[in-house]
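**Student:** Take a look at this one; I'll ask things after.
The values are calculated or read from the model by the stated rules, or taken from the named source; none is laboratory data. As the structure is a computational prediction, the values presented were derived from the model and not from experiment. Note that each Cβ is placed from the backbone with ideal geometry, even for glycine, and that neighbours are counted across all protein chains shown. Accessible surface areas use protein heavy atoms only, side chains included; no ligands, DNA or RNA. Shrake-Rupley method; radii C 1.70, N 1.55, O 1.52, S 1.80 Å.
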Amino acid sequence: MEYTTDYLAGLIETGLKELKYPNEAPHLFDPIRYTLEGGGKRLRPCLLLAAYSALSHSDCTEVLPQALAVEMFHNFTLLHDDVMDRADIRRGRPTVHRRWNDNAAILSGDAMLTRSVQLLAECRPDVLPDILDIFNTTAMEIYEGQQLDMEFERRSDVTVQEYLEMIRLKTSVLLACACAIGARMAGASDEVRHHFYEYGVALGLAFQLRDDWLDTYGDPAVFGKAIGGDILNRKKTWLLITGLQESDGELASILDEDLSDDVLIAQVRGVYDSLSLGERCGALAARYSAKAIESLDKIEMDTRAYEFFRSLALSAASRNH
């Protein structure tokens, strides 16, 4: 198999375009098509396909329905997240609830959740119970992570450990789930599945911490959006939480002032710089990247597969967009 994200993502794009929807109630399915046509990294389904091929040495299209299920589920969560966050833009286009309305986003999201389970179930009967257990456990954890994220908006005492647990639940476990499903479909042992799961968890943590860094320190032309959105929204990131804890009230005072957007971003970033938070956040992301590779080193696979997963871990902590 060709171990490149372009190749794997191409399989996913083709699979998504070929999905069939009922002719009845087209207004239920139009938002689903719109959402899936919006693109994205397709990282989660790529992980599932690659894990399966790495361990089974078989054609990864054999588990394409399960990969599509993971991507469908991921996008379902985004539809509902956008409603809860009142977000206007997703991937450069109006969100579903803005283009249609809240009810359309909620109902089409519900349909995506059900369709993801239908796709997941297109597998051998002997592996279905394990696959459903992995998937359902992950889904509940993601909902828990979203609840914590909402609660953090109203709290000023969130700790770094609480934040890391929240992003593990909200972001990392679905990457881990994709790896574990691919491994299970390949007939891997429980031990190998565990190592692949831990790889996905660490990969997700590195990815999210780098995302936090990019929102403050990235190049807007490369990152693809304006810098400082997390600061303006007082979003609880590793940077903000650590800055509140270590700046002796300076950061809290700045956040309480009525400042223009540019001044607020500049002053908050100044506090971050004085505490070397940018470098420290980057170093923490790199540690999780290294941890992902440590888990990878415990799994036997050919060199091409290993380098694919290793390069993903390295890029998670160093990417520019």
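**Student:** At 7 Å along Cα-to-Cβ for each site, give me the label-to-label distance between GLU162 and THR14 in nm.
**Tutor:** Between GLU162 and THR14, the label points sit 4.8 nm apart.
**Student:** May I pose another question? How many angstrom separate the Cα center of region 34-77 from the Cα center of region 233-268?
**Tutor:** For region 34-77 versus region 233-268, the Cα centre distance is 38 Å.
**Student:** Just to check, using Stokes-Einstein with a Kirkwood Rh over alpha carbon pairs, what's the diffusion coefficient of region 1-158 at 10 °C and 1.306 mPa s in µm²/s?
**Tutor:** Result for D is 95 µm²/s.
**Student:** Against the globular-protein guess of 2.2 N^0.38 Å, express the Cα radius of gyration of region 213-321 as a ratio, rounded to two decimals.
**Tutor:** Output field value: 1.31.
**Student:** Something else about it: Taking the mean number of other Cβ atoms within 10 Å as a proxy for protection, how do you rank 275-282, 72-79, 17-24, 307-314 from highest to lowest?
**Tutor:** Per-residue mean Cβ counts within 10 Å order the peptides as 72-79, 307-314, 275-282, 17-24.
**Student:** Per residue, how much accessible area does region 158-206 show when a 1.4 Å probe rolls over the protein heavy atoms, in square angstrom?
**Tutor:** 28
**Student:** If you don't mind, another one. Using only the alpha-carbon atoms, how far is helix 43-56 inclined from the longest principal axis of the chain? Give it as 0 to 90 degrees, nearest 10.
**Tutor:** 40
**Student:** Could I have the simple spin-label model distance between ARG155 and ASN233, label points 7 Å from Cα toward Cβ, reported in nm to one decimal?
**Tutor:** 1.9
**Student:** DSSP loop (so not H, G, I, E, B), at most 14 other Cβ within 10 Å: list which trypsin sites (Lys or Arg not before Pro) in region 63-100 pass both filters.
**Tutor:** ARG86, ARG91
**Student:** Using the Cα gyration tensor of region 43-92, with a ≥ b ≥ c the square roots of its eigenvalues, what is the shape: rounded (a/c below 1.5), prolate (a/b larger than b/c) or oblate (neither)?
**Tutor:** Taking the square roots of the gyration eigenvalues as a ≥ b ≥ c, region 43-92 is prolate.
**Student:** Follow-up. Report, ordered by chain and residue number, the lysines lying within cross-link reach of LYS20, taken as a straight Cα distance under 21 Å and ignoring same-chain residues fewer than 8 apart.
**Tutor:** none
**Student:** For the chain, with only Lys/Arg (+1) and Asp/Glu (-1) charged at the beta-carbon, what is the dipole magnitude about the Cα centre, in debye rounded to 20?
**Tutor:** Roughly 660 debye for the chain.
**Student:** Taking 7 Å along the Cα-to-C-beta vector as the label spot, tell me the ARG287-ALA221 distance in nanometres, rounded to one decimal.
**Tutor:** Result for the modelled spin labels: 3.5 nm.
**Student:** Take the Cβ-Cβ distance between ALA252 and ASP85 as r, set R0 to 25 Å, and report the resulting FRET efficiency rounded to the nearest 0.05.
**Tutor:** The value I calculate is 0.60.
**Student:** Something else now. Counting just the Cα atoms, what span does the chain cover along each of its three principal axes? Round to the nearest Å and put the largest first.
**Tutor:** 59, 49, 33
**Student:** Tell me which residues come under 5 Å, amide H to amide H, from ARG90 once H is placed; ignore anything under 5 positions away on its chain.
**Tutor:** THR95
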